[in-house]
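The values are calculated or read from the model by the stated rules, or taken from the named source; none is laboratory data. Given the structure is predicted, the values throughout are model-derived calculations rather than measurements. Note that we place each Cβ from the backbone using ideal geometry, even for glycine, and neighbour counts take in every protein chain shown. Heads up: the accessible areas ignore ligands, DNA and RNA and are worked out on the full protein's heavy atoms, side chains in. Shrake-Rupley method; radii C 1.70, N 1.55, O 1.52, S 1.80 Å.
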Amino acid sequence: MTNTKGYLNVIEKLEIFKEISLYFKGEFSISHNSGNELNTLRISIPYKKWKIVITESDTKPLKFQLEFESLTDFELIIGIEDFFDKILKKIGSKEVEIGQEIFDKQYLIHTNNLLIAKEFLDSNIRKKILENKIYSISYISKSKDKKSELLTVVSRTLEKKEIYIDLVFLHQLLIDRLTDLKIINK
């Protein structure tokens, strides 16, 4: 996915993170490990009653994380199909398909509710996922405490502010879709 060999100096993205934070009226911070060798950039962006938390570090990929109060037990995991996944499919591992050939060919989908998954992954969301080459998205609910988390992992090689902005817009769409389908509490 990337040619970073495990390390990417995120300080080079410092200005992009600051600009994104200003654009969305978010809170930007930078942290370091105890030896001051590794950096983590973080933005917390308000959207309605939630916070979209974006992090990227010298050793970890760009992540978008959100926490919700869940209304239903729903799980959805979408990931780029790799070689191992293709082998599993050939030996009969069950695959969920949405019905859009380009999307289904590129992404492996696991869910506990195919009907909700298909409604959630509407054409706008699928288009944004494909355009931004999302590595993975997972929405996992923890039914016993009525909490859920949305976690998206994206390539570490992004360098354009516009792509980061588009990814924030994607997450706003995801939040709206989750509320429209009554998966999370408004």
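Overview of values
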| quantity | calculated |
| --- | --- |
| Number of the condition not met by Ser21 [criteria: (1) touching a Phe, Trp or Tyr at 6+ places or on another chain (Cβ under 6 Å); (2) part of a loop (DSSP other than H, G, I, E, B); (3) polar (S, T, N, Q)] | (2) |
| Residue satisfying all of: in the range 44-74; outside any strand (DSSP E or B) and either among the acidic types (Asp, Glu) or within 25 Å of Tyr7 (Cα to Cα) (or both); most open to solvent (accessible area, probe 1.4 Å) among these | Lys60 |
| Which numbered condition Leu178 fails, given (1) out of contact with any helix residue (DSSP H, G or I) (no Cβ under 9 Å at 6 or more places or on another chain); (2) open to solvent by less than 10 Å² (accessible area, probe 1.4 Å) | (1) |
| Residue selected from the range 121-144 under the condition open to solvent by 40 Å² or more (accessible area, probe 1.4 Å), touching a Ser or Thr at 6+ places or on another chain (Cβ under 9 Å) and of a type outside the set (A, V, I, L, M, F, W, C), by the criterion modelled with the highest pLDDT | Tyr135 |
| Condition broken by Met1, with the remaining ones in (1) at pLDDT 85 or above; (2) open to solvent by 30 Å² or more (accessible area, probe 1.4 Å); (3) not small (Gly, Ala, Ser) satisfied | (1) |
| The range 103-140 - residue that is hydroxyl-bearing (Ser, Thr, Tyr) and under 13 Å from the mean Cα position of the chain (by Cα) and, of those, nearest to Ser155 (Cα to Cα) | Tyr135 |
| Checking Leu167 against (1) aliphatic (A, V, I, L, M); (2) assigned to a helix (DSSP H, G or I); (3) over 21 Å from Asp104 (Cα atoms), the condition it does not meet | (3) |
